[in-house]
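A.B. asks: I have a structure I would like to understand better, so I am pasting it below and will then ask my questions one at a time.
The values are calculated or read from the model by the stated rules, or taken from the named source; none is laboratory data. Just so it is clear, the structure is predicted and the values come from calculations on it, not from any experiment. Every residue, glycine as well, gets a Cβ built from its backbone with ideal geometry; the counts of neighbours run over all protein chains shown.
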Amino acid sequence: MQKLFKTLRLSLLITLFTTLLFGMGESQNTQEDFRSIPKNQAINVQKGKNKDFCPVCGMTLHQFHKTNFAATSNGVESQYCSLVCLVEDEMENKKKITNIRVIDNNTMKFIDAKKAFYVVGSSKPATMSMVSIYGFGTSESAKKFMEENGGNIQNFEEIYKTLKTTQAKDMEATRQRQSKASKNGEMIYEKMCKKTDEKFKSISDAKTFLNESKICGTLDDKKLQVVAIYLTLKK
């Protein structure tokens, strides 16, 4: 009975922390999450061993495909789970970002972000922020989505300017969520994983290591994320 109680408690903590980490809105079950599409249907413009993960927050890209952005910096393509992470990469890492694209929520393909129409603040879940942002290729499709899910329609310049001014607050909120998730990741690591002295520069690096080394066996994406956060942040 005590062992069962501990298992249930761990499961409850996982649900709590991953909800805080992955965003607010609908069910956080990746099979039901509005933002997610099957990996074999997702577009990925990145290359390298970490190509499946957002380079800033480390989240698995196809699980947040409907809020994905992509951009080019020094000839290298990067793909982000959200515009919030793109702006953070630009500001924190002093990147000169060009050719910004967003997923069109009709075609599920990338389009020019500056020509897209955005529904901001709908009832659908947000990614890395409290306010959701979904891109569309036409004003008609954006209006239809807004009528069904609420929010308001904005252009790229409007949302980009807003995020630039609120980025420091968003980054601090992300750090707080990751700090909480790290504690949950530590519990999973201590319970399920062989120990490692490897150091990681990014959450993406840690996730790739965990997938390749199998020191924790096979983790679902939520457990993989929080363990990777713990390994990246631990001293």
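A.B. asks: Among the numbered criteria (1) modelled with pLDDT of 95 or more; (2) more than 18 Å from residue 56 (Cβ to Cβ); (3) assigned to a helix (DSSP H, G or I); (4) not aliphatic (A, V, I, L, M), which one does residue 185 miss?
C.D. replies: That leaves (2) as the condition not met.
A.B. asks: Another question about this same structure. Would you mind finding the one in 50, 105 that is in a loop (DSSP other than H, G, I, E, B) and under 18 Å from residue 204 (Cα atoms)?
C.D. replies: Residue meeting the stated conditions: 50.
A.B. asks: For the range 151-161, state whether one or more residues are loosely packed, with under 14 Cβ neighbours inside 10 Å, farther than 20 Å from residue 128 by Cα and at pLDDT 95 or above.
C.D. replies: The answer is no, given that none of the residues of the range 151-161 is loosely packed, with under 14 Cβ neighbours inside 10 Å, farther than 20 Å from residue 128 by Cα and at pLDDT 95 or above.
A.B. asks: Can you name every residue in the range 117-137 that is touching a residue at least 60 places away in the same chain (Cβ under 8 Å), in a strand (DSSP E or B) and of a type in the set (Ser, Thr, Tyr)?
C.D. replies: 134
A.B. asks: Looking at the range 140-149, is at least one residue of a type outside the set (Asp, Glu), crowded, with 18+ Cβ neighbours inside 10 Å and part of a loop (DSSP other than H, G, I, E, B)?
C.D. replies: no
A.B. asks: Continuing with this model, one more query. Residue check: is residue 94 basic (Lys, Arg) and either in contact (Cβ under 8 Å) with a residue 12 or more places away in the chain or more than 29 Å from residue 38 (Cβ to Cβ) (or both)?
C.D. replies: Taking the combined requirement at face value, the residue satisfies it.
A.B. asks: Sticking with this structure for a sec: Any residue in the range 3-22 that is surrounded by 14 or more Cβ atoms within 10 Å (Cβ to Cβ) and at pLDDT 90 or above?
C.D. replies: No, because not a single residue in the range 3-22 is surrounded by 14 or more Cβ atoms within 10 Å (Cβ to Cβ) and at pLDDT 90 or above.
A.B. asks: Provide a single number: the residues in the range 174-207 that are out of contact with any strand residue (DSSP E or B) (no Cβ under 6 Å at 6 or more places or on another chain) and either crowded, with 16+ Cβ neighbours inside 10 Å or on the phi > 0 side of the Ramachandran plot (or both).
C.D. replies: Counting residues in the range 174-207 that are out of contact with any strand residue (DSSP E or B) (no Cβ under 6 Å at 6 or more places or on another chain) and either crowded, with 16+ Cβ neighbours inside 10 Å or on the phi > 0 side of the Ramachandran plot (or both) gives 17.
A.B. asks: Is it the case that residue 133 is modelled with pLDDT of 95 or more and under 23 Å from residue 110 (Cβ atoms)?
C.D. replies: Taking the combined requirement at face value, the residue satisfies it.
A.B. asks: Quick test for you: out of 144, 95, pick the one residue that is out of contact with any His (no Cβ under 8 Å at 6 or more places or on another chain) and farther than 26 Å from residue 202 by Cβ.
C.D. replies: 144
A.B. asks: Is it the case that some residue within the range 63-75 is closer than 25 Å to residue 211 by Cβ and either modelled with pLDDT under 95 or out of contact with any strand residue (DSSP E or B) (no Cβ under 8 Å at 6 or more places or on another chain) (or both)?
C.D. replies: For the range 63-75, residues closer than 25 Å to residue 211 by Cβ and either modelled with pLDDT under 95 or out of contact with any strand residue (DSSP E or B) (no Cβ under 8 Å at 6 or more places or on another chain) (or both): present.
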